[in-house]
1. Out of E205, E227, which single residue is of a type outside the set (F, W, Y), part of a helix (DSSP H, G or I) and either closer than 21 Å to L167 by Cβ or modelled with pLDDT of 95 or more (or both)?
2. I'd like to know if segment 240-252 contains one or more residues that are part of a strand (DSSP E or B), under 16 Å from A290 (Cα atoms), of a type in the set (D, E) and under 40 Å from the mean Cα position of the chain (by Cα).
3. In the set P402, P412, P396, which member is under 24 Å from R676 (Cα atoms) and either open to solvent by 10 Å² or more (accessible area, probe 1.4 Å) or acidic (D, E) (or both)?
4. Search segment 216-230 for residues that are crowded, with 24+ Cβ neighbours inside 10 Å and pair each with any residue that is of a type in the set (F, W, Y) and not in a loop (DSSP other than H, G, I, E, B) when their beta-carbon atoms are under 8 Å apart and the residues are at least 6 apart or on different chains.
5. Can you pull out the residues in segment 551-600 that are part of a loop (DSSP other than H, G, I, E, B) and closer than 13 Å to F624 by Cα?
6. Tell me the residue from R654, R676 that is more than 20 Å from N458 (Cβ to Cβ) and either within 20 Å of the chain's Cα centre (by Cα) or aromatic (F, W, Y) (or both), please.
7. Of the conditions (1) closer than 30 Å to H248 by Cα; (2) open to solvent by 30 Å² or more (accessible area, probe 1.4 Å), W367 fails just one. Which one is it?
8. Name every residue in segment 183-202 that is open to solvent by 10 Å² or more (accessible area, probe 1.4 Å) and part of a helix (DSSP H, G or I), in order of residue number.
Amino acid sequence: MESGISPTPDSADPYTGLSDDALRSALLAGRTDELLPVAARLRDAGHGRVQSWSPKVFVPLTQLCRNLCHYCTFSQPPRRGEAPYLDRAAVLEIARAGLAAGCTEALFTLGDKPELRFAAARDALAGLGHATTLSYLAEMCAAVRDETGLLPHVNAGVMNRAELAALRPVAASMGLMLESVSERLCAKGGPHYRSPDKMPAARLETIRIAGELAIPFTTGILIGIGETRAERIDALLAIRDLHRRHGHIQEVIVQNFRAKPRTAMAEAPEPDMDDLLWTIAAARILLGPAMNIQAPPNLSAGDFPRLIDAGINDWGGISPVTPDHVNPEAPWPEVDRLRAATAEWGRILVARLPAYPGWGSQGIARWQDPAMAGPLLAAADASGFARADRWSPGLPLPDRAPEPVLLRSVDPDIAAITARAMAGEAIGEDHIVRLFAARDADLDHVCAAADALRRQVNGDTVTYVVNRNINYTNICLYKCGFCAFSKGDKAEALRGRPYDLDREEVIRRAREAWARGGTEVCLQGGIHPHYTGDTYLDLAHAVRTAVPDVHIHAFSPLEVAQGAATLGLPVTDFLARLKAAGLDTLPGTAAEILDDEVRAQICPDKLTSDEWIEVVGAAHDTGFRTTATIMFGHVDAPRHWARHLLRIRALQARTGGFTEFVPLPFVPMEAPMALRGQARRGPTFREVRLMHAVARLALHPLVTSIQASWVKLGPAGVAACLRAGANDLGGTLMNESISRAAGTRHGQEMPPEAMDALIRSIGRTPRQRTTLYGDVADIVRRRGRNAAALTPMILTPPIKRRATRKNEMESLNDGR
């Protein structure tokens, strides 16, 4: 998590290990050009090349304020004919405009408790049904969250414990600029005179309580208002100490004073760029590599890229819709200009959420109220930054130009890791995580390396198998949060009613698949409470007897474990019986994420990671080949993906039993955990590309085939993955129930003609294969071309329901 602040020891950093007094003295004596390289190195150690920003709308709920800061133009007195507060319609209009422009943050900024000073504020609040500004603020935050999905960030001034606690359920994060710890600035003649909420002790107390309440918090200092450099350091040390105690300060802003007309400080000198750079660098050195440090780009005009040199890693909130109401004279740079300037300085602009990753989607249990969890997850990618697209697996990819690659070079670490992987060396967990973080030129490099490796291993041939999925029951004992397919005995929620296919219907579908050119039938289903190991043995035997030459690819590791348990057999003995009954290979499904931290959230009653590995390893030892899968994009993170890949690689190194690796993007539309707000909206498309590419690299040379799922990604999606390391498109399917139940819109069958056309459209050569990658006889291939339409399926209702219907019919006949 991004909560550490101690600098990493560095022989080039003369400030490491100093006491606070010695550090203060060293910084005060240090020239800006001496501090900058140290600060930049620390920033790079903590954040790599990522430079974040928050796409936001600015919601000035009220500009009334009880304070009289001498530099502020945001605070305005009541005006005749003007409403003191934005009403609900105005707030939502701003939020909806932000949503349409791609924003994720609604920044609520307002004056401190104006009802304590102005009768007009009290009267307006009464008309709105509230006694306090903060009560109305909470209502408006909830409205924006619930009606637009934007995430509120609240700057509401000094608050007590009860006020902070009341806002926590409706805000992803909050903020209060410390500004300074100098009390003399509050004395007569100072910029904070007659501003009771600017007393340092009051502001420090609010920040402290926010830490105790586990509220992700933004704070910072304002420079150039009469404080000394030593006082700036004192303020930064106070922030550091509060963060060390509570871990809640997610970012620190270094903001430079801008003189504004018609204020008491209109003629005051502004800090120059050297002073600003010195202060930012000092903040980085004091707060360490992990802290997020921001400086507003609009307050430095055309010189804003230079702020990067001082060690910032964030540009703050920037709006394509609303002005900076606090500094209206300083427009934000356009996002395209910000992106280009950031790239010119060798960094990658990445949109974030108001709650940074460690305090947002990756720290929900500690840092977020349950009411904020769903909206945060919906807006986040796997790393906790803002989703780069609104696409989800199962939906068509929108037509749009790819994002331009702006960086001129690839990160040397990324280049070195990919080179090692291409050479066949095993790469470790941290290296894999680093690859999953690739963006811009690094992303293209990882995908290109994987594609080159694919060409080296597989050539330009893309394979697929003509098969049929037969899901014999959707009744299941398990309640996996990601599964919209399974039903209880009586459940009819989500898509479709419970069913339990007659044996004859299974056989009929297998025969029809063979007649239509299928070489494989894939048999899988829910864990029916009445199924035993004999059920699976009977299914395999029935299909083998009815269609002797078809390849039976059946039974997940969970079904194997359950079947063995019901017969009181060791797994190896049950696998031997399945082989004798006609089973050929097993699908490596039910893997989900091979990390029990994730499994505890998405499938707590399912096989553990070790149990899955044991069953699949036993299958390999028994002579079965299996696939390997990963189901990603829900509550998991890149580190979980890395651990999963390493477990697959380790088992393959021992057994050699995997035929292919199959990434399965989480389809969220009808998944229970997504409907409950407990999951992300599936992986982003960048993450989908990376999963296929990194799998190719991390599993090389042990796993030689990487499959892309057309039913989840559609033709355009798999085409992109075929350019990022994938070489196989899996099966034509004929029927597909599981992804369809979750909400995918890509159909149930991609016949051989469509497979061939798709593969040729990207300049590759199609090849129909068997399950084990052998050649298919011409006579069988011809059967699959221009096959007859499938006959309607019969979804046999459960036995209890069948009996009930039979009784109803008998009663009806008796009545006649």
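1. E205
2. Within segment 240-252, the first condition is being part of a strand (DSSP E or B), and the residues that meet it are 249-252.
Those left that are additionally under 16 Å from A290 (Cα atoms): 249-252.
Within this subset, residues satisfying the condition of being of a type in the set (D, E) are 251.
If we keep only those that are under 40 Å from the mean Cα position of the chain (by Cα) as well, we get 251.
Within segment 240-252, one or more residues are part of a strand (DSSP E or B), under 16 Å from A290 (Cα atoms), of a type in the set (D, E) and under 40 Å from the mean Cα position of the chain (by Cα).
3. Checking each option against the conditions leaves just P396.
4. As it stands, the answer is P216/W359; P216/W367, since those pairs meet every condition given.
5. Initially, segment 551-600 is screened for residues part of a loop (DSSP other than H, G, I, E, B), giving 555-556, 568-570, 582-584, 587-595.
Result: F555, S556, G582, L583, D584, P587, G588.
6. Details: R654 fails: either within 20 Å of the chain's Cα centre (by Cα) or aromatic (F, W, Y) (or both).
None of the other options fit; the residue is R676.
7. Of (1) closer than 30 Å to H248 by Cα; (2) open to solvent by 30 Å² or more (accessible area, probe 1.4 Å), only one is false for W367: (2).
8. Of everything in segment 183-202, those that are open to solvent by 10 Å² or more (accessible area, probe 1.4 Å) and part of a helix (DSSP H, G or I) turn out to be E183, R184, C186, P196, K198, A201, A202.
The values are calculated or read from the model by the stated rules, or taken from the named source; none is laboratory data. Everything numeric in this text was worked out from a predicted model, so none of it was measured. Here Cβ is always computed from backbone atoms with ideal geometry, including for glycine, and neighbour counts include all displayed protein chains. Accessible surface is based on the protein model in full, side chains and every heavy atom, while ligands, DNA and RNA are left aside. Shrake-Rupley method; radii C 1.70, N 1.55, O 1.52, S 1.80 Å.
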